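Notes for the one structure printed next.
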Amino acid sequence: MRLSRGFVRGEALSCIYHGWRYAQEGNCLRIPAHPGLTPPDTIRVAMQPVEDGDGIIWISAGEPAAGPPRFDGLAPLRSMMAETDIAALEAAAGTKSAAGLLDYTHNAQTVQLLLAPEGQARTLMHVLADEDSNPTQRIAASRAAEALRRAAEHIRAAGSPNDP
Amino acid sequence: MTRNAMIDEWYPVGLASQLDVHGRKTALMGEPIVVRRGEDGNAKVTGGNEHALPACIRYGHVWSSLGDPQKPLFAIPEADQPGRRLVDVGVVRVRCSPLRAVENFLDIAHFPFVHTDILGSEPHTEVQNYKVEIREDEDEVWATQVKFYQPQAAKSAEGGITTEYMYRVPAPTCSILYKTCPPRPGEWDVITLFVQPLAEDLCNVWPWMALFDDETPMTDLIHFQQTIFVQDRSILENQIPRLLPLDPGMEIPTRADLTSVAYRRWLKRHGYTYGAQLVAQ
């Protein structure tokens with residue numbers, strides 16, 4: 001079971017299945033089935049450096065030399081999962097990612113997308129909008145991202161007829 | 001790999017109450033099968049090319065096998081005890097290994113976290129020591145003297161009680177739970193988990209119950225169990241790896257997991273590996 005399915009409780013990360021709690025250093029703090037037991041130090045989870053950059057949470061597989069990218073003038077709006085790859089998203093947008101962002105315009109609404117692949121066929125899309133945009137514009141930006149996702153998933157489905 | 005020993009076991013393939021002459025299409029271990037009522041009233045199960053498969057009706061369900069069962073279906077003596085209500089809960093399709101579905105059923109430590117305020121609640125999370133054995137004569141896994149504090153142990157329970165459990169695994173994808181019976185101390189309620197392996201990572205779960213409870217409407221009894229199993233499904237469909245590991249790997253078992261440890265050992269000993277992962281990853 002992935003810990004990402006669990007919850008942050010106090011200063012610990014709690015697993016959704018059996019409630020094992022992990023500290024920020026990765027060591028196990030508590031095994032609820034055995035409340036009298038001090039978990040041995042060998043029970044620990046792998047750690048990754050994490051940083052909050054202007055509302056976007058970044059992790060790194062290794063030790064990064066610099067901080068995460070900054071996107072001046074943009075504010076994170078929402079994240080959504082697309083059942084497709086980055087190539088299909090770029091094809092649907094009619095453009096390529098530049099400086100880490102995919103620029104997409106739909107019904108005169110421009111939206112910026114930060115794309116993170118999840119395996120071969122899924123992409124986590126983080127939607128960014130102009131930080132000065134009003135709620136109506138942000139809703140339109142959100143709809144634009146959904147339209148791009150639909151178009152990209154359609155491209156992928158059409159391109160692989162054997163895919164269920 | 002030699003012929004999998006699980007081929008010759010009995011599996012649930014449908015509800016006896018829903019048998020009809022038209023038949024219902026389903027699958028068993030990757031093979032398409034059809035389950036219907038024959039002209040003589042008995043269950044008929046056929047595989048590819050109308051090939052007749054073994055069939056019997058027991059415990060509310062139709063049972064079949066792709067192989068040649070060497071034994072009759074396991075006994076549940078309580079099922080024939082007068083005064084019990086027999087509850088067909090129906091089917092829950094779960095995208096998980098059939099063995100993982102059974103293992104989750106044997107686990108009590110998740111109750112406060114997955115079945116919060118029903119089968120368990122914080123701070124009552126401790127799993128006290130219990131007894132586990134592989135009974136050689138019956139060739140079954142048994143866990144006894146399992147005790148757990150439950151806010152609402154059954155539909156008939158009023159308020160929290162410490163419930164006593166016994167678990168039995170008589171077949172690789174079937175488990176029987178004996179549980180404290182609130183309205184009738186001294187008797188055990190029987191709750192079973194019958195799992196139909198559709199594929200190594202896909203199953204139909206058919207819970208069934210034989211309860212001493214004359215009060216609760218049948219719909220409520222069914223809803224109670226369905227609520228529990230749908231909560232389990234969200235866990236089962238997200239387990240990694242999808243197949244049940246039979247060799248020590250990344251997992252760290254504790255005393256609370258001794259039933260699971262015995263179940264895995266028993267599966268491995270018999271070569272019951274459909275839905276299992278043998279090489280640690």
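Given the criteria within 14 Å of chain B (Cβ to nearest Cβ), in contact with a helix residue (DSSP H, G or I) (Cβ under 6 Å, 6 or more places away or on another chain) and under 30 Å from B:Phe111 (Cβ atoms), does A:Ala46 qualify? Here the answer is no, as A:Ala46 does not meet what is asked. Scanning the range B:90-97 for residues that are among the basic types (Lys, Arg) and touching a residue at least 12 places away in the same chain (Cβ under 8 Å) turns up at least one hit. All conditions in (1) open to solvent by less than 10 Å² (accessible area, probe 1.4 Å); (2) assigned to a helix (DSSP H, G or I) hold for B:Glu103, with the sole exception of (1).
Buried (at least 22 other Cβ atoms within 10 Å of the Cβ), of a type outside the set (Lys, Arg) and modelled with pLDDT of 95 or more - does that describe any residue in the range B:149-158? No, the conditions are met nowhere in the range B:149-158.
Which one is farthest from B:Trp63 (Cα to Cα), of the residues in the range B:199-220 that are aliphatic (A, V, I, L, M) and crowded, with 21+ Cβ neighbours inside 10 Å? In this case the residue turns out to be B:Leu211.
Residues checked against (1) within 14 Å of another protein chain (Cβ to nearest Cβ); (2) within 24 Å of B:Val127 (Cα to Cα); (3) surrounded by 12 or more Cβ atoms within 10 Å (Cβ to Cβ):
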| residue | (1), (2), (3) |
| --- | --- |
| A:Ala23 | no, yes, yes |
| A:Ile31 | yes, yes, yes |
| A:Pro39 | yes, yes, yes |
| A:Thr42 | yes, yes, no |
| A:Glu51 | no, no, yes |
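The sole residue among A:Thr105, A:Thr123 that is of a type outside the set (A, V, I, L, M), touching a strand residue (DSSP E or B) at 6+ places or on another chain (Cβ under 8 Å) and surrounded by fewer than 19 Cβ atoms within 10 Å (Cβ to Cβ) is A:Thr105. Out of the residues in the range B:108-138 meeting the condition of being away from chain A (no Cβ under 11 Å) and either without any contact (Cβ under 8 Å) to a residue 12 or more places away in the chain or open to solvent by 80 Å² or more (accessible area, probe 1.4 Å) (or both), tell me which one is nearest to B:Gln239 (Cα to Cα). Ranking the qualifying residues of the range B:108-138, first place goes to B:Asp117. Filtered by the rule that a residue be open to solvent by less than 50 Å² (accessible area, probe 1.4 Å), acidic (Asp, Glu) and within 12 Å of chain A (Cβ to nearest Cβ), the range B:233-278 gives a lone residue, B:Asp257. Output the residues belonging to the range A:4-20 that are at negative phi and more than 11 Å from chain B (Cβ to nearest Cβ). Hits for the range A:4-20 are A:Val8, A:Glu11, A:Ala12, A:Leu13.
The values are calculated or read from the model by the stated rules, or taken from the named source; none is laboratory data. Computed from a predicted model, the values in this text were never measured in an experiment. Note: ideal-geometry Cβ built from the backbone for every residue, glycine included; neighbour counts use all protein chains shown. Just the protein is used for accessible areas: all its heavy atoms, side chains included, with ligands, DNA and RNA removed. Shrake-Rupley method; radii C 1.70, N 1.55, O 1.52, S 1.80 Å.
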